[in-house]
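Structure first, commentary second.
Read the figures in this text as sums done on the coordinates, not as results from a lab. This is a predicted model, so every value here is computed, not measured. Cβ atoms come from the backbone with ideal geometry, glycine included; neighbour counts cover every protein chain shown.
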Amino acid sequence: MTEKKYDVTALGELLIDFIGAGDSEFGNPLYEANPGGAPCNVLAMLQKLGKKTAFIGKVGNDGFGRQLKDAVASCGVELSGLLMDPMVHTTLAFVHKLPNGDRDFSFYRGPVADMMLTAEEVNEDLIKGSRIFHFGSLGLTDEPVRSATHKALQIAEENGVLRSYDPNLRPPLWSSDELAREQILWGMAHCDMLKIADNEIQWLSGKEDFDEGIAWLREQFDIKLICLTLGPDGSRVYYGKEKFDVAPFLQENTIETTGAGDTFCACMINAVLETGIDNFTAESLKGAVTFANAAASIITTRKGALKAMPEKQEVIAFLRSI
């Protein structure tokens, strides 16, 4: 059996999130170029929690790609699986804050670097040498990255690597709702733990009631741990016969929610690493979700995600202050 050198390896998108930074003297909107992309956001938080991580993906060999490589490297993430493609540009996303505090994304992606990772370019040793492999649905939207993601999951399954999945639904990036549903459900069949948002389970199941939607999902797939994020209403966990809600930590100084779900996801992956996916008690799982909610709350008070993740002791101190 391959030595487990890394706690988590993730595959997927690495991109620039342009987040609003006020207006110029002429009234034009200004944007800050924040490094982002859900898989690497998760890895950045795991690094803050003391875990060893690695990333597999592709950026353009351009100014934004070099910025991203430097940013992720500064977090301590292993980047031997990151490729820089001189033929395509780095993926860009503009994040617009909505009146209700949620976000709308405008993507510049087609074709861009994160879509162009091929199955042959997947670093197999990183996956084999990890305890958990993490992926999302943006690695399933197009070829050739879809085949790369499929291959990575096959490697993980053949080598006994636990699989963590965050659908991270972005409808504009799919050619059709039918393809999105097909591929996102494919991911459900290949994961041991799932982080899914409230709007995602409603969209996927066609059911407004969250419990009914999760029940529909569990009838089809044997997913050991399901974490449902509910935005300002906190989160809900399904584990065996256990189901419980954990209240959020709402803050008056919240700026925007970019990265909150990724922070939560990283904390739950960390809990699985430390406890074992088959070893949770109701008490230990509630404690893990409480910590994850607190960390997600902190990130909402900062712009960006990847370089703004809280330290473990910061989360602990925040919980003690409540």
Sequence ranges 169-177, 260-268, ranked by mean other-Cβ count within 10 angstrom, highest first: 260-268, 169-177
Calculated [θ] (222 nm, deg cm²/dmol) that DSSP helices of n ≥ 4 give over the chain, each run adding -39,500 (n - 2.57): -11000 deg cm²/dmol
Inter-label distance for residue 317 and residue 125, nm, one decimal - labels placed 7 Å from Cα along Cα-to-Cβ: 4.0
Fluctuation leader among 69, 58, 224 - the chain, Gaussian network, Cα springs under 10 angstrom: 224
The range 250-259 - phi-based ³J(HN,Hα) in whole Hz, Karplus 6.51/-1.76/1.60, Gly and Pro as x: 7, 10, 5, 9, 4, 9, 6, 9, 4, x
GNM flexibility winner over the chain from 235, 137, 24 (Cα, springs under 10 Å): 24
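Of the DSSP beta bridges with both residues in the range 192-322, give the percent that are antiparallel, rounding to the nearest 5.
Values: 10 of 15 bridges.
The antiparallel fraction comes to roughly 65 percent.
For residue 198 and residue 3 in the same chain, what is the full-extension length gain: residue separation times 0.36 nm, less their Cα-Cα distance, in nm? Mind showing how you got there, number by number?
On the way: separation 195, 0.36 × 195 = 70.20 nm, distance 3.72 nm.
Length gained between residue 198 and residue 3: 66.5 nm.
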Distance between the range 100-162 and the range 255-314 - C-alpha centres, whole angstrom: 22
Of 254, 90, 229, the one that fluctuates the most in a GNM where the chain has Cα springs shorter than 10 Å: 254
Alpha-carbon centroids, the range 168-187 and the range 1-75: separation in whole Å: 23
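Looking at the chain, what % of its DSSP beta bridges pair antiparallel, to the nearest 5? Spell out each step's value before the answer.
On the way: 23 of 54 bridges.
So the antiparallel bridges amount to about 45 percent of the total.
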The chain: relative contact order as a whole-number percent, Cα under 8 Å and 6+ apart: 17
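What is the sum of charges around residue 40, taking Lys and Arg as +1, Asp and Glu as -1, for the other residues whose C-beta is under 9 Å from the C-beta of residue 40?
Details: positive: none; negative: 13, 262.
Once positives and negatives cancel, what remains is -2.
Just the number, please: percent antiparallel of the DSSP beta bridges in the range 43-137, rounded to the nearest 5.
On the way: 6 of 12 bridges.
Antiparallel bridges: around 50 percent, rounded to the nearest 5.
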